[in-house]
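Here is the structure we will look at.
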Amino acid sequence: MSSVSIIGLGNMAGALAGRALAGGNAVELIGRDPAKAKELAGALDGATVGTAGAAPAGDIVVLAVPYTAAAAVVSEYGDALRGKVIIDITNPITPDFQSFVTPDGTSGAQEIAKAAPAGAQIVKAFNTLFSHVLAAGPAEGRTLDVFIAGDDAQAKARVSAFIESLGLRPLDTGELPMARALENVALLQLGLVAHSVKHTDFSLGVSIRS
């Protein structure tokens with residue numbers, strides 16, 4: 001099992017923490033509001049509370065903050081993230097849900113990687129799952145798929161093992177530039193919500209034909 005630090009206290013942080021604890025992982029919650037962090041940890045049996053700005057205890061660090069804050073958070077922790085696997089779950093989507101705030105030809109994950117210290121490995125994952133869908137887990141006998149992208153094979157293997165401990169299926173899409181495609185999938189999902197599905201109680205996955 002993994003030792004995981006989750007930076008952020010929102011819906012995705014809670015959903016990931018709950019599934020991680022159920023999968024036997026050690027979970028540390030870190031947020032700027034200590035009272036809120038303690039409240040969330042109290043609702044999740046077994047989670048510990050870390051100190052914002054201090055070195056995360058987990059070997060895997062999940063960035064569960066808005067994209068607009070992610071690079072700054074990584075820069076703030078600096079060398080405390082050296083040697084860590086950093087999971088980027090963010091989506092750098094504009095407020096009108098039509099495009100991206102990142103420059104053309106790059107991705108949010110690649111921009112975050114620029115702020116990371118040497119020796120830290122960025123893996124994109126979980127950005128295509130709505131928090132309540134993640135919290136509920138597999139439905140009707142179908143495992144939820146988690147698409148991942150990253151440059152380091154060992155880091156992706158560790159993230160894949162973590163995903164499997166949550167009862168989910170990791171699907172490797174390639175190196176970190178593929179994060180742009182995964183962020184486009186998130187944009188696609190928002191388009192479906194706005195124009196056809198009309199709700200967020202769904203997930204996108206792969207059906208492999210035998």
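The values are calculated or read from the model by the stated rules, or taken from the named source; none is laboratory data. Source: prediction; values computed, not measured. Quick reminder, even Gly has a Cβ in these numbers, built from the backbone with ideal geometry, and neighbours come from all protein chains shown.
List the pairs whose first member sits in the stretch 77-93 and is of a type in the set (D, E), whose second member is part of a helix (DSSP H, G or I), and whose Cβ atoms are under 9 Å apart, counting only residues at least 6 apart or on separate chains?
Close Cβ pairs (under 9 Å, with a partner that is part of a helix (DSSP H, G or I)) amount to D88/Y67; D88/A70; D88/G108; D88/A109; D88/I112; D88/A113; D88/A179.
So, in the stretch 138-158, how many residues would count as being crowded, with 19+ Cβ neighbours inside 10 Å and of a type outside the set (K, R)?
Total satisfying the criteria: 7.
Could you grab the pairs with beta carbons closer than 6 Å, sequence gap of 6+ or different chains, first residue in the stretch 130-141 and free of Cβ contacts under 8 Å to residues at least 60 places away in the same chain, second one assigned to a loop (DSSP other than H, G, I, E, B) and charged (D, E, K, R)?
The qualifying pairs do not exist here.
Let me spell it out: the conditions are (1) over 21 Å from A55 (Cβ atoms); (2) in contact with a strand residue (DSSP E or B) (Cβ under 7 Å, 6 or more places away or on another chain), and A136 meets all of them except one. Which number is the exception?
(2)
For the stretch 43-72: of the residues being farther than 22 Å from S2 by Cα and not hydroxyl-bearing (S, T, Y), which is surrounded by the fewest Cβ atoms within 10 Å (Cβ to Cβ)?
Applying the filter and picking the extreme gives A72.
Just a yes or no: is a residue in the stretch 25-35 assigned to a loop (DSSP other than H, G, I, E, B), out of contact with any Gly (no Cβ under 7 Å at 6 or more places or on another chain), more than 30 Å from L188 (Cα to Cα) and touching a residue at least 40 places away in the same chain (Cβ under 8 Å)?
Within the stretch 25-35, one or more residues are assigned to a loop (DSSP other than H, G, I, E, B), out of contact with any Gly (no Cβ under 7 Å at 6 or more places or on another chain), more than 30 Å from L188 (Cα to Cα) and touching a residue at least 40 places away in the same chain (Cβ under 8 Å).
Is it true that T106 is over 23 Å from H199 (Cβ atoms), surrounded by 15 or more Cβ atoms within 10 Å (Cβ to Cβ) and among the polar types (S, T, N, Q)?
Considered against the rule, which asks whether it is over 23 Å from H199 (Cβ atoms), surrounded by 15 or more Cβ atoms within 10 Å (Cβ to Cβ) and among the polar types (S, T, N, Q), T106 comes out as yes.
For residues that are buried (at least 17 other Cβ atoms within 10 Å of the Cβ) and in contact with a strand residue (DSSP E or B) (Cβ under 7 Å, 6 or more places away or on another chain), tally how many sit in the stretch 159-168.
Looking only at that region, the number is 5.
How many residues does the stretch 132-156 contain that are aliphatic (A, V, I, L, M), at pLDDT 95 or above and farther than 18 Å from L63 by Cα?
Count: 3.
Enumerate the pairs (first residue in the stretch 42-68 and of a type in the set (A, V, I, L, M) and at pLDDT below 95; second residue anywhere and assigned to a loop (DSSP other than H, G, I, E, B) and surrounded by 15 or more Cβ atoms within 10 Å (Cβ to Cβ)) with beta-carbon separation below 8 Å, excluding pairs fewer than 6 apart on the same chain, so at least 6 apart or on different chains.
From the stretch 42-68, the pairs are A52/G31.
Looking only at the stretch 2-24, filter to residues that are out of contact with any helix residue (DSSP H, G or I) (no Cβ under 6 Å at 6 or more places or on another chain) and assigned to a loop (DSSP other than H, G, I, E, B); which one of those is farthest from V85 (Cα to Cα)?
Per the criteria, the residue is G10.
From the residues in the stretch 159-210 that are among the hydrophobic types (A, V, I, L, M, F, W, C), assigned to a loop (DSSP other than H, G, I, E, B) and under 28 Å from G23 (Cα atoms), which one is modelled with the lowest pLDDT?
I208
Answer with yes or no whether L16 is under 22 Å from G167 (Cα atoms) and without any contact (Cβ under 8 Å) to a residue 40 or more places away in the chain.
So L16 does not fit the description; no.
Which number in (1) under 19 Å from D172 (Cβ atoms); (2) in contact with an Asp or Glu (Cβ under 6 Å, 6 or more places away or on another chain) marks the one condition that F126 misses?
The failed condition is (2).
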